[in-house]
Amino acid sequence: MQSLWSATATPAFTLPELRGSARAAVVIIGGGYTGISAALHLCESGVDVVVLEAAELGEGGSGLNGGQVIAGVKHDPDTLEQMFGAGLGAQLVETVGSGPDLVFGLIQKYQIDCDATRSGWIQPATSESALLPLRARVEQWRRRGAPVELLDRRQVGRLIGSDRYCGGWLDRRGGTLQPRSYLFGLARAVERLGGRIFTRSEAVRLERAGGQWRVQTARGQVTAPVGVLATNAYTGALMDALRRSVVAVPSFQVATEPLPPPLRAAILPQRQAASDTWPLLRYFRLSADGRLGMGSRGFFGNTPVAIAARHHYRAVQEIFPQLRGVRYDYHWGGLVAMTSDHLPHLHELAPGLLAGLGYNGRGVAMATVMGRVLARRINGVSHEELGFPVTAVRPIPLHRFSRIGVRLAVEYLQLRAALARAGSRFARPWRDA
Ligand SMILES: Cc1cc2nc3c(=O)[nH]c(=O)nc-3n(C[C@H](O)[C@H](O)[C@H](O)COP(=O)(O)OP(=O)(O)OC[C@H]3O[C@@H](n4cnc5c(N)ncnc54)[C@H](O)[C@@H]3O)c2cc1C
């Protein structure tokens, strides 16, 4: 089924398939936010770039996501500083915290038409125990000057339009956008600056020849001294160790019909994005045309779509009982790349070969940031100045069983959720996701 975003995006533009041989200073494999942002930042500094995308633009996570622009990564700022030390840790906090500034700055700079709204991101808590870590999160970001605030039950209820939550926090750095239009806008900017993007041009072989990287597609090849892998959850056999360094977890979404004005005024009246602390995560927002879009994790390719959709309709109704009887016009899904340390990864795989991936469902801002980090590194910025750790690729042990593991974990969490819904005494309080 068509996604809400492909139905409402700014017109796609036709990009060619690679035919014959091309040369560039940098060849980027993958045309999502990571690859296109890297290309854009390289083009801005005058570097000659070729991007190869296997499908059409927007068929990976960057055209399918919830369009929630979120600052930071899963770890709190203090934890990042403990993990990486005061120097790099503080730089990393700054890098990940400023993701929304970069996204909204690029939108403004390149006049990208993508329904961008910067009214904040809310993390509402589904239980008192889930609220505790949120208090610490707010305190840590506030100490660093971020525009964040704790919300009590009444405040969160008013901002979300639901009495389901017992509190939460609001991060005014975040917001929403039309994810596919944002990607198209970035790609148009790359083209305007002279970058070349080829679609339907899957990289099928990558090899080192005469001090250059040679990337082979079905009908052509690109040779460049520097290569970038920006394939995230869609990484395939081209670089198997990289594929095994993340777990590709499906995420599914539904969108309602445009809501009537009274409901639009009551649900997310200030148009924030929200992602709650439910163990399987439920994220929701209104679209520019007033539809409620809601997504969550954990439905696999072999789950009948009707079951996944029904699960989401129930979640919508649980949070917004006023939407009983609403019509659903869209449902769709994509893959999210999860890492075992819950951090995005920047790798230098070989001399002149880099990769950035693993955004754990927070890639709208973070993949855009990663593109800039990759471009800075390619432009000679030292590891010390980069503000992002370069790590070795670590394939996840027993990766081939990860799908089964994730599936079992998802089923366990779904069972617990069902017990909690039924008010069972066996259901323990949720921990924060
Ligand atoms: C349903 C869903 C909801 C999400 N919601 C949010 C959200 O609300 N907020 C948020 O911050 N993040 C969200 N995310 C995560 C976010 O979308 C991703 O982290 C981000 O898009 C990653 O960008 P990327 O460029 O690294 O990868 P992608 O956009 O997936 O791009 C990778 C590209 O590489 C291409 N590729 C793969 N192999 C090859 C090859 N051999 N040759 C050429 N091309 C190749 C693929 O076709 C693909 O287009 C969501 C993800 C999904 C799936």
inquiry  = Using the Cα centre of segment 154-225 as the reference point, and only Cβ charges (+1 on K/R, -1 on D/E), how large is the resulting charge dipole? Debye, rounded to the nearest 20.
reply    = 100 debye
remark   = For segment 221-308, the Kirkwood Rh over every pair of distinct alpha carbons, in Å, works out to 16.3 Å
request  = Can you tell me the FRET efficiency between Arg172 and Ala350 if r is taken as the Cβ-Cβ distance and R0 is 51 Å, rounded to the nearest 0.05?
outcome  = 0.75
ask   = On the first, second and third principal axes, largest extent first, how far apart are the outermost C-alpha atoms of the chain in Å?
value = 66, 46, 44
task = Using 0.36 nm per residue of separation minus the Cα-Cα distance, give me the extension gain between Ala209 and Asp152 in nm, one decimal.
result = 14.5 nm
message = What's the magnitude of the charge dipole for segment 34-155 around its Cα centre, counting Lys and Arg as +1 and Asp and Glu as -1 at the beta-carbon? Answer in Debye, nearest 20.
response = 600 debye
ask   = Can you list the residues, at least 5 places off or on another chain, whose amide H is less than 5 Å from the amide H of Gln221, using H built in the peptide plane?
value = Gly20, Ser21, Ala22
key: Per-peptide average of other Cβ atoms within 10 Å, ordering 71-80, 276-285 highest first   = 276-285, 71-80
note = Subtracting the Cα-Cα distance of Ser129 and Glu191 from 0.36 nm times their residue separation yields 17.4 nm
For segment 11-66: rounded, prolate or oblate by the Cα gyration tensor [a/c cutoff 1.5] = oblate
message = Pairs of alpha-carbon atoms within less than 8 angstrom and 6+ residues apart define the contacts here; what relative contact order does the chain have, in percent?
response = 24 percent
message = Taking only the Cα atoms of segment 157-315, how large is their convex hull per residue, in Å³?
response = 190 Å³
ask   = Between Ala266 and Glu94, what is the label-to-label distance in nm when each label sits 7 Å out along the Cα-to-Cβ direction?
value = 4.7 nm
task = Take the Cβ-Cβ distance between Met1 and Glu385 as r, set R0 to 35 Å, and report the resulting FRET efficiency rounded to the nearest 0.05.
result = 0.15
task = Please work out, to two decimal places, the log10 of the ratio I(q)/I(0) at q = 0.19 Å⁻¹ from a Debye calculation in which every Cα of segment 107-239 carries one identical scatterer.
result = -1.05
query = How much FRET efficiency would the formula 1/(1 + (r/R0)^6) give for Ala392 and Asp240, where r is the Cβ-Cβ distance and R0 is 22 Å, rounded to 0.05?
reply = 0.90
key: Options Ala136, Met366, Leu88, ranked by Cα towards positive dipole end of the chain, top entry (Cβ charges)   = Ala136
remark   = For Thr14 and Arg200, extending 7 Å from Cα along the Cα-Cβ vector and measuring point to point gives, in nm, a value of 1.0 nm
remark   = For the chain, whose charge dipole is built from +1 on Lys and Arg Cβ atoms and -1 on Asp and Glu Cβ atoms, the candidate among Gly120, Ala224, Gly387 with its Cα farthest towards the positive end is Gly120
query = Counting only residues 5 or more places away or on other chains, whose amide H sits under 5 Å from the amide H of Ile197 once H atoms are built in the peptide plane?
reply = Val51
inquiry  = Please give the charge dipole size of the chain, origin at the Cα centre, charges +1 on K and R Cβ atoms and -1 on D and E Cβ atoms. Round to the nearest 20 debye.
reply    = 860 debye
note = Taking a crude spin-label model, label points 7 Å out from Cα along the C-beta direction, the Arg327 to Arg144 distance in nm is 4.6 nm
request  = Using the number of other C-beta atoms within 10 angstrom as an exposure proxy, rank Ser21, Ser201, Ser340, Ser127 with the fewest first.
outcome  = Ser21, Ser340, Ser127, Ser201
key: Whole-percent pair-distance distribution, where bins are 5 Å wide, for the alpha carbons of segment 276-355   = 3, 11, 19, 20, 15, 10, 8, 7, 4, 2, 1, 0
key: Among Val51, Gly99, Gly333 - extreme Cα towards positive end, dipole of the chain, charges at beta-carbon   = Gly333
ask   = By average Cβ neighbour count within 10 Å, what is the ranking of 351-362, 310-321 from highest down?
value = 351-362, 310-321
ask   = Hey, what did segment 334-400 get for relative contact order, percent, Cα under 8 Å, at least 6 apart?
value = 32 percent
task = Post the alpha-carbon centroid distance, segment 239-307 to segment 163-181, in whole angstrom.
result = 12 Å
query = What shape does segment 1-103 take by its C-alpha gyration tensor, where a ≥ b ≥ c are the square roots of the eigenvalues and a/c under 1.5 counts as rounded, a/b above b/c as prolate, and the rest as oblate?
reply = oblate
request  = Output the relative contact order of segment 248-362, whole-number percent, from Cα pairs under 8 angstrom with separation of 6+ residues.
outcome  = 32 percent
ask   = Given the Cα-Cα distance of Gln317 and Asp163 and 0.36 nm per residue of separation, how much length would full extension add, in nm?
value = 54.2 nm
remark   = Here the percent of antiparallel bridges among DSSP beta bridges lying wholly in the chain, to the nearest 5, is 70 percent
key: Value of [θ]222 nm, deg cm²/dmol, for the chain, DSSP H segments ≥ 4, -39500 (n - 2.57) each, nearest 500   = -11000 deg cm²/dmol
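Laboratory data are not the source of any read-out in this text; all were calculated from the coordinates shown. Everything quoted here is computed from the prediction, not taken from an experiment. Note that we place each Cβ from the backbone using ideal geometry, even for glycine, and neighbour counts take in every protein chain shown.
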